[in-house]
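Since the structure comes first, as structure tokens, the remarks are kept for the end.
The values are calculated or read from the model by the stated rules, or taken from the named source; none is laboratory data. It should be emphasised that the depicted structure is a prediction, and the values quoted were computed from it without experimental measurement. A quick note on method: Cβ atoms are made from the backbone with ideal geometry, for glycine too, and the neighbour counts reach across all protein chains shown.
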Ligand SMILES: [Fe+2]
Ligand SMILES: [Fe+2]
């Protein structure tokens, strides 16, 4: 009986839920795999807290901060392009919302290996070799002091570069010195690795290469170069 | 002068259950020790080698970033360990209590202000209670390993109480719940030490 009642409530709520969704462009996307899917490299508890607490809080705080404003219908990339005009609550939570969604997509179970195709060519052209790219990317991750992110970015000239940003900033933001289209990222906030790796951020970065979803990164790269 | 890596003034498990033994061990023996080692390496080839940390901070903007980050990490953690005690908690008394009441209305109002500073620091950083040059108190927060003694600080003062709000300070026990960690912290604050620091500044 209880169950029937639940379905009844769920059913009559559908039109309201749909209406609420239409009012904003911004959605909290499901995690593309199970919490334990990236074990043993990224542990289940970290994934669960990271997605369900940290990421969700950024999303909720972001939607609360823009409620009733034009930003509800403004694409994230457009918001980032003039983020310097926004208060910290929008900058921090918009970044936290968007960055994490990209980060989940950059990973998958049974990932890793090496990129191929045009992405591989571009990496080799910009960094000499895939191994050298990995080395530079990992260094940027270890060197980021405090909380932040590391990015592989397509610049205005179509060339790839590595950048690191503080806190929840990203390479789309007009507060960044070197801007471009991010195609790949790594979260180096302590919450991303502390339960499993504690102070050993370098070990977390080494493990991360085993779960990279290079097909996704390839797609991001292709769509960023197609726009040119 | 030679730089010394200070002893932890109590056992790793002394602040249980408010701050857990594993967090204390990693925080002191890994994080704090690494700041010390990297500070010593970074200061070695500068003119400031041998200067006190206070002197270094007063012109830290002219020194390499590694000195600012790791010198801050060394000093801040030392102050933090000394700010806590297994027999801590309660409320301040004497001249510090008077100053807090005069400035913030009550100890509870001060705590609320400090809690806000600690909870609202986005990313990694510290919350501080400090004494300004005019001897008034001030509550503020700083990013990463910066502190109010640094010439780059926007709340220049002498810190007497510091709370580490980097995620490494609380993640093993509290995960994303920083406010719970901040509440727990008040149970171990060593008010006698904070009082002594206050007295030595206003004397
Ligand atoms: Fe994160
Ligand atoms: Fe710390």
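Just a few scattered comments:
- Considered as a group, the residues in the stretch B:169-186 that are more than 14 Å from every other protein chain (Cβ to nearest Cβ), within 16 Å of ligand 2 (Cβ to nearest atom) and under 17 Å from residue B:120 (Cβ atoms) include one that is surrounded by the most Cβ atoms within 10 Å (Cβ to Cβ), and that residue is B:185.
- Condition met for residue A:202 (touching a strand residue (DSSP E or B) at 6+ places or on another chain (Cβ under 7 Å), surrounded by fewer than 20 Cβ atoms within 10 Å (Cβ to Cβ) and within 14 Å of chain B (Cβ to nearest Cβ)): no
- Matching residues in the stretch A:135-155 - criterion: being out of contact with any strand residue (DSSP E or B) (no Cβ under 8 Å at 6 or more places or on another chain) and either surrounded by fewer than 17 Cβ atoms within 10 Å (Cβ to Cβ) or assigned to a strand (DSSP E or B) (or both): A:135, A:139, A:142
- Test: residue B:166 is within 11 Å of chain A (Cβ to nearest Cβ) and either modelled with pLDDT under 95 or under 14 Å from the mean Cα position of the chain (by Cα) (or both): yes
- Entry remark, the stretch A:56-102: residues being at negative phi and away from ligand 1 (no atom under 16 Å from the Cβ) number 27 in total.
- Condition met for residue B:103 (in contact (Cβ under 8 Å) with a residue 12 or more places away in the chain, under 30 Å from residue A:47 (Cα atoms) and in contact with a helix residue (DSSP H, G or I) (Cβ under 9 Å, 6 or more places away or on another chain)): no
- Filtering the stretch A:137-154 to residues that are more than 14 Å from chain B (Cβ to nearest Cβ) and out of contact with any helix residue (DSSP H, G or I) (no Cβ under 6 Å at 6 or more places or on another chain) leaves A:137, A:139, A:140, A:151, A:152, A:153.
- Of all residues assigned to the stretch A:170-182, none qualifies as being more than 27 Å from residue A:121 (Cβ to Cβ), under 15 Å from the mean Cα position of the chain (by Cα), within 11 Å of chain B (Cβ to nearest Cβ) and modelled with pLDDT of 95 or more.
- Being over 23 Å from residue A:142 (Cβ atoms) and assigned to a helix (DSSP H, G or I) is a property that does not hold for residue B:26.
- Candidate set from the stretch B:109-136 (those that are touching a helix residue (DSSP H, G or I) at 6+ places or on another chain (Cβ under 7 Å), closer than 20 Å to residue B:199 by Cα and buried (at least 19 other Cβ atoms within 10 Å of the Cβ)); member that is nearest to the other protein chains (Cβ to nearest Cβ): B:129
- Residue check: residue B:168 meets all listed conditions (1) under 30 Å from residue B:49 (Cα atoms); (2) more than 16 Å from ligand 1 (Cβ to nearest atom) but one, namely (2).
- Considering the stretch A:1-86, the qualifying helices (runs of 4 or more DSSP H), each wholly inside and each with 2 or more residues that are surrounded by fewer than 16 Cβ atoms within 10 Å (Cβ to Cβ), under 17 Å from the mean Cα position of the chain (by Cα) and at pLDDT 95 or above, run over A:56-65, A:76-81.
- Residues of the stretch A:27-57 that are over 16 Å from residue A:193 (Cα atoms) and more than 11 Å from chain B (Cβ to nearest Cβ): A:27, A:28, A:29, A:30, A:31, A:32, A:33, A:34.
- Being more than 16 Å from ligand 2 (Cβ to nearest atom) and more than 30 Å from residue A:51 (Cβ to Cβ) is a description that applies to residue B:110.
- Within this structure, residue A:165 passes the test of being modelled with pLDDT of 95 or more, within 15 Å of the chain's Cα centre (by Cα), within 14 Å of chain B (Cβ to nearest Cβ) and over 26 Å from residue B:173 (Cβ atoms).
- You will find that of B:141, B:130, the residue that is within 30 Å of residue A:196 (Cα to Cα), outside any helix (DSSP H, G or I) and away from ligand 2 (no atom under 13 Å from the Cβ) is B:141 and no other.
- Filter result for the condition that a residue is farther than 18 Å from residue A:123 by Cα and either more than 15 Å from ligand 1 (Cβ to nearest atom) or modelled with pLDDT under 95 (or both), over A:196, A:159, A:227: A:227
- All positions within the stretch B:21-33 that are within 12 Å of another protein chain (Cβ to nearest Cβ) and free of Cβ contacts under 8 Å to residues at least 24 places away in the same chain: B:25, B:29, B:30
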